[in-house]
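Notes follow the structure.
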Amino acid sequence: MAKHRISVTVNGAAREAEVESRLLLVHFLRENLRLTGTHIGCDTSHCGVCTVHLDGQPVKSCTVLAVQADGCSVNTVESLEQGGKLHPVQEAFTEKHALQCGYCTPGMLMTCSALLAANRNPSEQEIRQAISGNLCRCTGYLNIVKAVQHAAQKMNGGA
Ligand code: FES
Ligand code: FES
């Protein structure tokens, strides 16, 4: 099968690879780059556990081909912690008990961090809308909403 050379900036580092045209971005991240924080759940664009940022926008990486990320910037959940300090949304998920099994958590964190980057004061409705493509079978979502509100307070200097 024909291979394509791609150049992708992943978590701030330039990466080059020869990939098959059918390779999904989620497999490129997990298998080629060993960035296994991005999970795979359904593989059919329903669950959202594979969410990463592609040029700053949250995308389900099981719906994107690696070749489509050529020339782009991709950030995974591994990028949220900076200099040993957790992102406010990571701290808030811990403090507000927004996870149980944790399988959905990397995707949730990427969706919620993208929301907060675009909107520092989201309403409950906006939070629920943002996470509507991320399934969680454990929490019932209430504590996830509370965690995003708490993260917003932190980012605005209020918590
Ligand atoms: S694995 Fe990508 S949406 Fe479920
Ligand atoms: S914490 Fe288990 S699926 Fe969300």
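For the stretch 1-93, give the magnitude of the charge dipole about the Cα centre (Cβ charges: +1 Lys/Arg, -1 Asp/Glu; no others), in debye to the nearest 20.
With Lys and Arg at +1 and Asp and Glu at -1, about 100 debye.
What number, in nm² with one decimal, is the all-direction average of the projected area of the convex hull of the alpha-carbon atoms of the stretch 11-97?
6.3
Which percentage, to the nearest 5, of the DSSP beta bridges contained in the chain is antiparallel?
90
Quick check: the angle from helix 142-155's long axis to the longest principal axis of the chain, C-alpha only, nearest 10 degrees?
Its long axis makes an angle of about 90 degrees.
Counting other beta carbons within 10 Å of each residue's own, what order do SER61, SER45 fall into, fewest first?
By the 10 Å Cβ count, ascending, the order reads SER45, SER61.
Can you compute the equivalent ellipsoid semi-axes for the stretch 1-57, i.e. the square root of 5 times each eigenvalue of the Cα gyration tensor, sorted largest first and rounded to whole Å?
Equivalent ellipsoid semi-axes, largest first: 19, 15, 10 Å.
Rounding to the nearest 20 debye, state how big the charge dipole of the stretch 63-133 is about its Cα centre with +1 on each Lys and Arg Cβ and -1 on each Asp and Glu Cβ.
120
Among the trypsin sites (Lys or Arg not before Pro) in the stretch 1-33, which ones are in a DSSP loop with at most 12 other Cβ atoms within 10 Å of the Cβ? Mind listing them?
ARG22
If the chain were replaced by its equivalent ellipsoid, with semi-axes equal to the square roots of 5 times the Cα gyration tensor eigenvalues, what would those be, largest first, whole Å?
Working through the eigenvalues yields semi-axes of 28, 16, 13 Å.
Please identify which residues in the stretch 70-102 have an amide N closer than 18 Å to a label point set 7 Å out from the Cα of ARG34, following the Cα→Cβ vector.
76-79
Let me understand the stretch 89-137 better: what is its radius of gyration from the alpha carbons, and its Dmax, in angstrom?
Computed over the Cα atoms of the stretch 89-137, radius of gyration and Dmax are 10.4, 28 Å.
Connecting C-alpha atoms closer than 10 Å in a GNM of the chain, tell me which of HIS97, HIS27, HIS53 has the biggest fluctuation.
Judging by the Gaussian network model, the answer is HIS97.
Hand me the trypsin sites (Lys or Arg not before Pro) from the stretch 105-146 located in a DSSP loop with no more than 16 other Cβ atoms within 10 Å, in residue order please.
ARG120, ARG137
Quick one: what are the phi-derived ³J(HN,Hα) couplings along the stretch 49-65, Karplus 6.51/-1.76/1.60 with θ = phi - 60°, whole Hz, x for glycine and proline?
Result, ordered by residue: 5, 8, 5, 9, 9, 10, 6, x, 9, x, 9, 7, 6, 7, 10, 10, 7 Hz.
Can you give the calculated 222 nm mean residue ellipticity of the chain, where each DSSP H run of n ≥ 4 adds -39,500 (n - 2.57) and the sum is split over every residue, rounded to the nearest 500 deg cm²/dmol?
Taken over the chain, the calculation gives -8000 deg cm²/dmol.
A short reminder: the numbers here are calculations on the coordinates, not readings from a lab. If you're wondering where the values come from, they're calculated on a predicted model, not measured in any experiment. Neighbour counts are summed over all protein chains in view; Cβ atoms, including those assigned to glycine, are modelled from backbone coordinates with ideal geometry.
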